[in-house]
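Read through the structure below, which is laid out as structure tokens, and then see the notes.
The values are calculated or read from the model by the stated rules, or taken from the named source; none is laboratory data. Here the structure is a predicted model, which means the values were calculated and not measured. Glycine gets a Cβ as well: all are built from the backbone with ideal geometry, and neighbour counts include every protein chain shown. Areas reflect the complete protein model, heavy atoms only, side chains present, ligands, DNA and RNA absent. Shrake-Rupley method; radii C 1.70, N 1.55, O 1.52, S 1.80 Å.
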Amino acid sequence: MNEPQTPIEQTGAPPEKKPYTVFDGGPLTCKTDIEGLEFDFNYGARIKVPEGDWRVKITDRDHFNTLYDAKASNALVTSTKKYYVNFRLEVYLEDKLILSHDFNPTRKKVLIKFPVGTLGDIIAWFPYAQVFKYKHDCEVYCAMAPELAELFRPVYNDINFIGPDERPNDIYASYYMGIFFPCDDRVHQPVDWRIAGLQKTIPYILGLEPDEIQPKIVPQNLERAIEEPYVCIATQATTQAKYWNNGKGWLETIKHLKEKGYRVLCIDKESCHGAGSRWNTIPHGAEDFTGNLPLAERVNLLFHADFFIGLGSGLSWLAWAVGRPVVMISGFSLPLAEFHTPYRIINYHVCNGCFSDSTIEFVHDDFAWCPRHKNTDRQYECTRFITPERVNAVVDRVMKDYGFNPRKEGM
């Protein structure tokens, strides 16, 4: 097996800001007493043998499958699978066993590398790094954007955070987090993320149980900056299919929230976003808290909000991690795609779930993507038929469930 050409990971960001990870296992880190005989588990199992009559065997210990068994000389042999596998390596010289090594990361350094340029995905995926650490009793290094690392550091102080391009010495194993395209890629992901869900695809990559885990993010400032009761909303997304495409939706819901006694803060990064002929602006009636602000400021705002209303996008994941009730308006994805919230709104009477359909591949560079009904009168009907009355009813339910009474609080 030869090392494959280094690919690029893609996730669901717009093409001009597409997150990426370059796959690079680096120099082999596990040396032996024989010069030129080295191995590690960085970007799959890797064994380097010097010139001679060598034979390399790679086994999956959990499934008792032989994955590779062949002669090699002056070669680097790598596993096909780059996600977690409980490998056994055996190296023979003239049919005599020279090296036998079972994967064992205990008290060793493990690198878990996250893509850059995306918010919700990283928030969803991060907590599994800690689960991996405790399962294997290893020293985990998480490579990610510094701004996101600062959000997690106060709670996850048992994790080593490094920059997205950093690589500590003596890394025993490394794993690359992401959703990979084409979706039938089985080199970097063992299951189709459209079926597993955006969060639960990661435990499959790391060999963990596919349980939903709520990440924890705490505010840096516990002091409330806004005295009056308020709700945070986020209306922008990376593709038009994610938007609430009902023309009067946000207008009526903001009006409803104000009648209840709330201030309504729009905390999107962009006040206007789109592509081509489709542009979306901050809805009338919302207070403009948009801008390229530190994520810590978003966290502080969300922490003191009564609840959050958003889409299947990054700020919904952030609100969930902060611990706020999340009203999620979504039709292009099925509930399995994102985290569970009892306040998810989807209309099954119309077309829905294209993003979760295993027969359809998401097209990153098409902002107007609507694979079933593009350029017809049914385009984006998944959210066009989510009425403001429906969303307002869910708002009322959240307020009842949590005992929110903004008029009394604001007195």
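Listing for the model above:
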| item | result |
| --- | --- |
| Test item: Cα-centred dipole of the range 25-77, Lys/Arg +1 and Asp/Glu -1 on Cβ, debye | 100 |
| C-alpha center-to-center spacing [the range 350-388, the range 269-320] in angstrom | 22 |
| Cα-Cα over 18 Å, subset of Lys216/Lys242; Lys113/Lys242; Lys258/Lys408; Lys48/Lys108; Lys109/Lys135 | Lys216/Lys242; Lys113/Lys242; Lys48/Lys108 |
| Built amide H within the under 5 Å cut-off of Lys48, gap 5+ | Glu38, Phe39, Val77 |
| Estimated [θ] at 222 nm from DSSP helical runs (n ≥ 4, -39500 (n - 2.57)) normalised by residues in the chain, nearest 500 | -5500 deg cm²/dmol |
| Long-range HN-HN contacts of Tyr230 with modeled amide H, under 5 Å | Arg263, Asp306 |
| 3J(HN,Hα) from dihedral phi, the range 130-136, Karplus parametrisation 6.51/-1.76/1.60, rounded to Hz, x for glycine, proline | 5, 4, 4, 4, 6, 5, 9 |
| Integer Hz, Karplus 6.51/-1.76/1.60 couplings in order for the range 334-349, x for Gly and Pro | 7, x, 5, 5, 10, 5, 6, 9, x, 10, 6, 10, 9, 9, 7, 6 |
| Cβ-defined net charge surrounding Gln214, 14 Å radius [Lys, Arg +1; Asp, Glu -1] | 0 |
| Within the accessible area of the chain (1.4 Å probe), percent carbon and sulfur | 49 |
| Charge sum, other residues only, whose C-beta stays under 11 Å from Ile282's C-beta, Lys/Arg counted +1 and Asp/Glu -1 | -4 |
| Under-5 Å amide H pairs with Val140, H placed in peptide plane, nonlocal only | Val110, Asn160 |
| Contact order normalised by residue count of the chain, Cα under 8 Å, 6+ apart, percent | 14 |
| Under Karplus coefficients 6.51, -1.76 and 1.60, residue-wise ³J(HN,Hα) of the range 368-385 in Hz, glycine/proline x | 8, 3, 8, x, 9, 9, 4, 6, 10, 6, 9, 4, 6, 5, 4, 10, 4, 9 |
| Neighbour net charge for Glu381 - beta-carbon separation under 13 angstrom, K R +1, D E -1 | +3 |
| Packing-based ranking, highest mean first, of 315-327, 210-222, 253-265 given that Cβ atoms within 10 Å are counted | 315-327, 253-265, 210-222 |
